[in-house]
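Chemist: Sending over a structure as structure tokens; questions will come in a sec.
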């Protein structure tokens, strides 16, 4: 059994957690280019080595961040998302007259 | 026999027939460099040399021939997919596989078994009907069978109704087959080698050289090579190589584990798959039950084994075949799978001119080996993507034109 340390619940079986993808900067969906949006939604860095990732403790619905080595599967550190994000992420409304710029 | 072995041991020359000519030193330049000496890379080399007259070709392999995912899959061949793009593509692969032993003059132990995808819910039955209709429309043998027929066709299955997930029916695909996966790599490699292709094993590509957005060569740990064109076919490490070539892929590298039981007398002819139970089982020509399940729950560049996989998989195998409870596992392994968001591959042109990609083969790559070789060779030789592989282009992601095969490509992701 592999153990992950949840910042809220302490050490738990890794089967209680769900992987949520690499931590990436969120582009402004109304102002970024199609290429930037594709990159954010579909493309992956798929890094070999230590990666900063979102993880979710399913029984308590708690999202947090883990630094994990994707070659050795060693979990280097886990911490609450508040360490990286201090405020709610809000984007300004779409510019007036922009009816789906760049949409395919 | 002991004398034969002694003679073999004392012989000064190598007494067995070699599959590949030793490649010797790297040439300073090749027309085409193929990165990855698995089934896909070797098949591309073979079709380039045989049908397009391109023989100044090098296959560069980090380890040994067929030592990656070619030798780690569960060797199932079928074409009962869900999207018309997928069905057409895999159907050509099945047809090529059926003739492959003759084509290569090498026995790949192709064995047509019949493939059953079990349905345990009404929703699954509806999807099976949908798949059967798409398949039949495109000329692929595929039909829905219900419990009474299934009991006659696969009498080994536990069809009782008092189990956790009773079986309601199955999608039956008569051409479903298995083959010796190593033999596919050896057959293509041997045939390509006889046509003049250089196969360099134990050689790692460490860089891609480009000038003005155009490929000019590759760098390896044995020296640099100039080349007109190059293609990467390196499942598991696709993103690493793409990064060298300067682009990103929609791929996560996730381990896929599998195992075999001790050899048993032949008792199971059919290939049995259950998406709901995350399991697929067939009996190999050696008598071993070859079993696999879903990919691991998170990305990892490692072929380690986990107990969770075995516990989960075997519990589900015993739901289908309770009489196997006393059978022992013989060995277990993992491969690194390129998982894409739409469960379809990524094949064709890349942002770097004259550099091609063959990736995103997740858990569905072995069955596509011949068609990939044939059609990627056509693309490399002519510069234009054949209709059959055009839907799987890398640029489909930017166009948001995905080819959704999640329901039919594999189990329980």
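Chemist: On the given criteria, is residue B:290 surrounded by fewer than 22 Cβ atoms within 10 Å (Cβ to Cβ) and either within 14 Å of chain A (Cβ to nearest Cβ) or touching a residue at least 12 places away in the same chain (Cβ under 8 Å) (or both)?
Modeler: Considered against the rule, which asks whether it is surrounded by fewer than 22 Cβ atoms within 10 Å (Cβ to Cβ) and either within 14 Å of chain A (Cβ to nearest Cβ) or touching a residue at least 12 places away in the same chain (Cβ under 8 Å) (or both), residue B:290 comes out as yes.
Chemist: Evaluate the range B:321-328: report whether one residue or more is touching a strand residue (DSSP E or B) at 6+ places or on another chain (Cβ under 6 Å) and in contact (Cβ under 8 Å) with a residue 12 or more places away in the chain. Steps first, please.
Modeler: Taking the range B:321-328 first, the residues touching a strand residue (DSSP E or B) at 6+ places or on another chain (Cβ under 6 Å) are B:327.
This time we only want the ones that are in contact (Cβ under 8 Å) with a residue 12 or more places away in the chain, so: B:327.
Yes, that holds for at least one residue.
Chemist: Among (1) within 15 Å of the chain's Cα centre (by Cα); (2) assigned to a helix (DSSP H, G or I), which single condition is residue B:308 missing?
Modeler: For residue B:308, the exception is condition (1).
Chemist: A further question follows. Step by step: first the residues of the range A:7-31, then only those that are farther than 13 Å from residue A:64 by Cβ and touching a strand residue (DSSP E or B) at 6+ places or on another chain (Cβ under 6 Å), then the one that is farthest from the other protein chains (Cβ to nearest Cβ). Which residue is that?
Modeler: The first filter runs over the range A:7-31 and keeps only residues farther than 13 Å from residue A:64 by Cβ, leaving A:11, A:13-15, A:21-22, A:24-31.
Those left that are additionally touching a strand residue (DSSP E or B) at 6+ places or on another chain (Cβ under 6 Å): A:11, A:14, A:21-22.
On the way: A:11: 16, A:14: 8, A:21: 8, A:22: 9 Å.
Only one residue tops the list, namely A:11.
Chemist: Which of the residues belonging to the range B:243-282 are farther than 23 Å from residue B:334 by Cα and in contact with a strand residue (DSSP E or B) (Cβ under 8 Å, 6 or more places away or on another chain)? Steps first, please.
Modeler: Pass one, the range B:243-282, residues farther than 23 Å from residue B:334 by Cα: B:243-248, B:265-270.
Residues satisfying the conditions are B:244, B:245, B:246, B:248, B:266, B:267, B:268, B:269, B:270.
Chemist: Hey, residue B:331 hits all of (1) within 14 Å of chain A (Cβ to nearest Cβ); (2) under 30 Å from residue B:166 (Cα atoms); (3) assigned to a strand (DSSP E or B) but one; which does it fall short on?
Modeler: (1)
Chemist: Output the number of residues of the range B:308-324 satisfying the condition of being in contact with a helix residue (DSSP H, G or I) (Cβ under 9 Å, 6 or more places away or on another chain) and either under 14 Å from residue B:163 (Cα atoms) or away from every other protein chain (no Cβ under 14 Å) (or both).
Modeler: Within the range B:308-324, the subset in contact with a helix residue (DSSP H, G or I) (Cβ under 9 Å, 6 or more places away or on another chain) is B:308, B:314, B:317-318, B:324.
Still in the running and either under 14 Å from residue B:163 (Cα atoms) or away from every other protein chain (no Cβ under 14 Å) (or both): B:314, B:317-318, B:324.
So the answer is 4.
Chemist: Conditions: (1) within 14 Å of chain A (Cβ to nearest Cβ); (2) at pLDDT below 95; (3) not in a loop (DSSP other than H, G, I, E, B). Residue B:253 meets all but one. Number of the miss?
Modeler: Condition not satisfied by residue B:253: (2).
Chemist: Starting from residues that are farther than 23 Å from residue B:250 by Cβ and not in a strand (DSSP E or B), keep the ones in the range A:32-72 and report whichever is nearest to the other protein chains (Cβ to nearest Cβ).
Modeler: A:72
Chemist: So which of B:217, B:190, B:207 ends up being assigned to a helix (DSSP H, G or I), assigned by TED's automatic domain parsing to the domain that holds residue B:32 and closer than 29 Å to residue B:47 by Cα?
Modeler: Details: B:217 fails: assigned to a helix (DSSP H, G or I); B:207 fails: assigned to a helix (DSSP H, G or I).
Within the list B:217, B:190, B:207, the selection yields B:190.
Chemist: Scan B:368, B:377, B:337 and give me the residue that is within 14 Å of chain A (Cβ to nearest Cβ), in contact (Cβ under 8 Å) with a residue 60 or more places away in the chain and surrounded by 19 or more Cβ atoms within 10 Å (Cβ to Cβ). Working first, answer last.
Modeler: Numbers: B:368 fails: within 14 Å of chain A (Cβ to nearest Cβ); B:377 fails: within 14 Å of chain A (Cβ to nearest Cβ).
When all the criteria are applied, what remains is B:337.
Chemist: Do we have any residue at all in the range B:257-268 that's within 14 Å of chain A (Cβ to nearest Cβ), crowded, with 21+ Cβ neighbours inside 10 Å and either within 18 Å of the chain's Cα centre (by Cα) or in a strand (DSSP E or B) (or both)? Steps first, answer last, please.
Modeler: Filtering the range B:257-268 for residues within 14 Å of chain A (Cβ to nearest Cβ) gives B:257.
In the following step, the residues that additionally are crowded, with 21+ Cβ neighbours inside 10 Å were identified as B:257.
Subsequent filtering for residues that are either within 18 Å of the chain's Cα centre (by Cα) or in a strand (DSSP E or B) (or both) retains B:257.
Yes: one or more hits.
Chemist: If you don't mind, there's one more thing I want to ask. Considering only the range B:380-393, I want to know if a residue exists there that is closer than 19 Å to residue B:254 by Cβ, part of a loop (DSSP other than H, G, I, E, B) and within 14 Å of another protein chain (Cβ to nearest Cβ).
Modeler: As a first pass, look at the range B:380-393 and keep what is closer than 19 Å to residue B:254 by Cβ: none.
No: zero hits.
The values are calculated or read from the model by the stated rules, or taken from the named source; none is laboratory data. This is a predicted model, so every value here is computed, not measured. No Cβ is skipped: glycine too gets one built from the backbone with ideal geometry, and neighbour counts run over all protein chains shown.
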